[in-house]
């Protein structure tokens, strides 16, 4: 009994693509794209280090470059999971967001040593999703107008991570450009897109899709390494190749690596492929639903924010730190602490100290903007908060309700009847209600599965408690 279902036409999958224009750049303090600054040298190379050659400079960045490669692989796996069996068609969209540009690397005297770039870790930072029937009708010349696409999962954790960058020397970014190409039509991106579309149709699984992606990426790296002329670029591609070799070897040797990436614990004593596949499906469904929920909430917030920003930009005088002030006022307008924490989690901001704390002139500019933003609370922000809290409450209830179908799907995967499950519960937890009629009510959603009952069910099924309690919106 499959748990994953195609995304229907009523599900919000993302906003419309914006008009073509420059990318939105976000300051690192906002954590909009979970980007990383240069933690090897920071602002300057220490005095005791002589000016490095391009190859030596790249070697200083072996650790972040390895992380960069691992993140590229992990992000593509997450995209495969988010696209799996959606029955949507995907195309590559223009990259819309990134962190602020990386400053040049200087020596202790302030002289420029090398250019640094904010390098994207993701192969495809932005996906445009189309309804499959509409895409096929247009591709088959059965409709004249091209279908409407949507920025898939915009604003979600996956989208933000896919748009994240790492500040590194120019040669490493040039190695990325060599691999990815400068256009969406590059060989690597088109092959990767084909994998995502096959996964979206259920023709391959995320695990198999990732293995194929690593093979494609490794071949492209080897090819570009042989063509590289610059010493630093060639060295970066050598390190790329070694990192991919280690990842591929880890997947072949460690059969649990996908469980680690999915944050799951699967019972090693149960060698049933059907049970393992069911557990993966349950986790895939939870991840996809979480991203969809994040996208829906953040789009609602974005609409109100843009309306407020548009009004403020038409006023006389300039307002600085508008994004900071909006997030601060938004969070402070939430009455319940639990809802405020959920909102901060959506924005990937710390639970404490999320307020911008500039000094001097910057503080005056920020205070002016925040004071103006507070004028929008009663008319715009307070109603928005009520709507967002209602949405999060609905999503919490949906998460709890999902436990009924999870119970039923796991029981079928194990090959148990309701009376079998009843007996196994009674064996482990004699005082827990577990008659066959009770199991029937549980599986049909008549009896709500609270956290305690869900935890005990996970022990009976010998599965990770996170399957029943992903807690994306409950905590």
**Asked** How big, on average over all directions, is the shadow cast by the Cα convex hull of segment 24-261, in nm²?
**Response** 14.3 nm²
**Request:** Mind giving me the nanometre distance, one decimal, between the label points for residue 380 and residue 104, set 7 Å out from Cα along Cα→Cβ?
**Result:** 4.0 nm
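Beta carbons within 10 angstrom, averaged per residue: use that to sort the peptides 159-166, 390-397, 454-461, highest first. Working shown, then result.
Details: 159-166: 24.2, 390-397: 15.1, 454-461: 19.0.
In descending order of packing, they fall as 159-166, 454-461, 390-397.
Beyond 43 Å, how much of the Cα-Cα pair distribution for the chain remains, as a whole percent? Mind showing how you got there, number by number?
Numbers: 26040 of 112575 pairs.
That fraction is 23 percent.
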**Complete:** If one compares the long axis through the Cα atoms of helix 322-332 with the longest principal axis of the Cα atoms of the chain, the angle in degrees, nearest 10, works out at 30 degrees
**Item:** the chain: calculated mean residue ellipticity at 222 nm from DSSP helix runs of at least 4, using -39500 (n - 2.57)
**Value:** -18000 deg cm²/dmol
**Message:** Between segment 243-285 and segment 414-475, how far is it from one alpha carbon centroid to the other, in angstrom?
**Reply:** 23 Å
**Prompt:** If you find the alpha carbon centre of segment 110-143 and of segment 165-207, how far apart are they in angstrom?
**Reply:** 9 Å
**Message:** I'd like to compare 202-209, 7-14: which one has the highest average count of other Cβ atoms within 10 Å, and what's the full order after that?
**Reply:** 202-209, 7-14
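Need one word for segment 297-433: rounded, prolate or oblate. Basis is the Cα gyration tensor (sqrt eigenvalues a ≥ b ≥ c); a/c below 1.5 gives rounded, then a/b vs b/c decides. Each step should come with its number before you reach the end.
Working: a/c = 4.12, a/b = 3.08, b/c = 1.34.
Here segment 297-433 falls in the prolate category.
Taken together, the values in this text are just the output of simple stated rules run on the coordinates, not laboratory data. From a predicted model like this one, the values you see are computed outputs, not experimental measurements. Cβ sites come from the backbone with ideal geometry, for glycine too, and all protein chains shown count toward neighbours.
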